[in-house]
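One structure below.
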Amino acid sequence: MKILPGLAACLCCVVACASDWTAFRGGAGDGHSAAKNLPSEWSQEKNIAWKIELPGAANGSPIIAGDRVLLTSATDKGTTRTLHCFSAADGSEQWKADVTYDREMPTHKTNLYGGTTPASDGKVVVVWHGSAGLYCYDLNGKQLWGRELGEFRHQWGYGTSPVIAGDRVILHSGPGRSIWVGAFRLSDGQPLWKQEEPVENDGETNDDGKYMGSWSTPVLVKTNAGTLAVCSLSTRVLAYDVKDGTIAWTCDGLRGERGDLAYTSPVIAGNVCICMGGYQGPAIGFPMTGKGNITQNRLWRVDRGNPQRIGSGVVVEGLIYMANAGPGTLECIDPNDGSQKWETRGTGNYWSSVVYADGKLFATDQNGTTTVFQPNGEQFEKIAVNSLNDPGNSTIAVADGAIYLRTFKRLYRISTP
């Protein structure tokens, strides 16, 4: 992989143990897992260790902390929001924690309430319920603290996820009128810093009347100067020092012709940051060097002909592998210049993020069909296509020789006998 000179950077990994999957897109937020002996093939009749019914549909993804599977759901039109804990061994419910909110908030019919993914450090678990607040529990379900952060209103709902960085929780509050990235002390929820982002118009449409909003979950990047939380907001990418919230740098380029939208998390390839706009918006790549506005350092920007991108990509051996929402394609991209190495039609549209584990790539479409394929920069190399015929929008979690797949109705543990 080509690495540009300058500030060295690598993903910061905060995990309970090497095989756990403790946050959205894994403990390092990069879609990688060290798990081995994962099945490549499954169906409703094959390699299903267990499956359980869930009380409420949601887009939030499961995480794994030790012998526990944790995920969110919502009922009563979103006025009851729940964090569930299940046994990884047999799927039995260990506990649940409900939070109520007295108003039905707007959302898009495709973005169900409970769209956030919890995060754990192996001792506690943190969950953000949007307007219902930010909460922390021990792994036996005891609430340690809760903090109401105000009302977060957007016509398409919420969906960002918290990230644990050592002794603090990093949260992106968007989308809506109140947009900020902030840090809270993990031990008691005390606010440590907050950086507000300027918002045009009402936060739902920009000054030109086009849609705007970001649902991007921050990614932690360790540099020789400290750890940064890098996040795609509506029009630009920002890097916050997790210690005090200082903005290390910004890079413009996500504003698109159809609106200012971001769904994916940043993808880091060496010291190159790749960010992708939503609603067929632009994609950019730039080295994470310099201070202040570093837009002039941008390596490339592709602003036309892009697919709808909701799920995040994964970097393997210097190349990015993406699964797109519309049209439903799988593609391989060179992060150094944004060029497409190959593209193929998938099995459907993808809202989930691509996962790399056991030497294989996994992409699950909205129908619950997972394509397993080989990392290959020359051509698409299929391993298997596995259909559950059980729709959902979540990203799989991978740990300890098993795949955990959440649909609108069920949670599955997929593993070989």
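The values are calculated or read from the model by the stated rules, or taken from the named source; none is laboratory data. Keep in mind that what you see is a predicted model, and the values were worked out from it rather than measured. Cβ coordinates were reconstructed from backbone atoms using ideal geometry, including for glycine residues, and neighbour counts include every protein chain displayed.
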Q. Taking segment 156-177 as the region of interest, how many residues are in contact with an Asp or Glu (Cβ under 9 Å, 6 or more places away or on another chain), more than 20 Å from Leu83 (Cβ to Cβ) and either acidic (Asp, Glu) or crowded, with 17+ Cβ neighbours inside 10 Å (or both)?
A. 4
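Which residue is surrounded by the fewest Cβ atoms within 10 Å (Cβ to Cβ), if the candidates are limited to segment 186-200 and must be modelled with pLDDT of 95 or more and part of a loop (DSSP other than H, G, I, E, B)?
Asp188
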Q) Are any of the residues in segment 331-345 within 25 Å of Thr116 (Cα to Cα) and at pLDDT 95 or above? A) no
Q. Does segment 104-120 hold any residues that are in contact with a Ser or Thr (Cβ under 7 Å, 6 or more places away or on another chain) and either surrounded by fewer than 24 Cβ atoms within 10 Å (Cβ to Cβ) or not in a loop (DSSP other than H, G, I, E, B) (or both), and which are they?
A. Glu104, Met105, Ala119, Ser120
(Q) Of all residues being surrounded by 22 or more Cβ atoms within 10 Å (Cβ to Cβ) and polar (S, T, N, Q) in segment 249-277, which is nearest to Trp351 (Cα to Cα)? Just the residue, please. (A) Thr264
Q: Consider only pairs whose beta carbons are under 7 Å apart and that are at least six residues apart or on different chains; among these, list those whose first residue lies in segment 185-196 and is under 15 Å from Pro162 (Cβ atoms) and touching a residue at least 40 places away in the same chain (Cβ under 8 Å) and whose second residue is of a type in the set (D, E, K, R) and in a strand (DSSP E or B).
A: Leu186/Arg168; Gly189/Arg147; Leu192/Arg168; Leu192/Arg185
Q: Being of a type in the set (Gly, Ala, Ser), surrounded by fewer than 23 Cβ atoms within 10 Å (Cβ to Cβ), touching a strand residue (DSSP E or B) at 6+ places or on another chain (Cβ under 6 Å) and assigned to a loop (DSSP other than H, G, I, E, B) is the filter here, so list the residues in segment 30-84 that pass it.
A: Ala35, Ser40, Gly56
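Here's the yes/no breakdown for (1) surrounded by fewer than 17 Cβ atoms within 10 Å (Cβ to Cβ); (2) not basic (Lys, Arg):
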site: Arg345; (1), (2): yes, no
site: Ser352; (1), (2): no, yes
site: Ala357; (1), (2): no, yes
site: Ala363; (1), (2): no, yes
site: Gln366; (1), (2): no, yes
site: Thr371; (1), (2): no, yes
site: Gln374; (1), (2): yes, yes
site: Gln379; (1), (2): yes, yes
Q: Kindly indicate the residue of segment 351-374 that is in a strand (DSSP E or B) and more than 17 Å from the chain's Cα centre (by Cα) and also farthest from Ala88 (Cα to Cα) among those meeting that condition.
A: Gln374
Q.
Being part of a loop (DSSP other than H, G, I, E, B), closer than 20 Å to Gly91 by Cβ and not β-branched (Val, Ile, Thr) is true for just one of Gly377, Gly392, Gly348. Which residue is that?
A. Gly392
Q: Please find, within segment 323-332, the residue that is surrounded by the fewest Cβ atoms within 10 Å (Cβ to Cβ) out of those that are assigned to a strand (DSSP E or B) and either free of Cβ contacts under 8 Å to residues at least 40 places away in the same chain or among the polar types (S, T, N, Q) (or both).
A: Gly326
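Residue-wise test of (1) under 30 Å from Tyr412 (Cβ atoms); (2) within 20 Å of the chain's Cα centre (by Cα).
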| residue | (1), (2) |
| --- | --- |
| Thr82 | yes, yes |
| Phe86 | yes, no |
| Asn111 | yes, yes |
| Gln143 | yes, no |
| His154 | no, yes |
| Ile164 | yes, yes |
| Ala183 | no, yes |
Q) Which residues, counting only those in segment 223-243, are out of contact with any Lys or Arg (no Cβ under 8 Å at 6 or more places or on another chain), at pLDDT below 95 and not aliphatic (A, V, I, L, M)? A) Thr223, Asn224
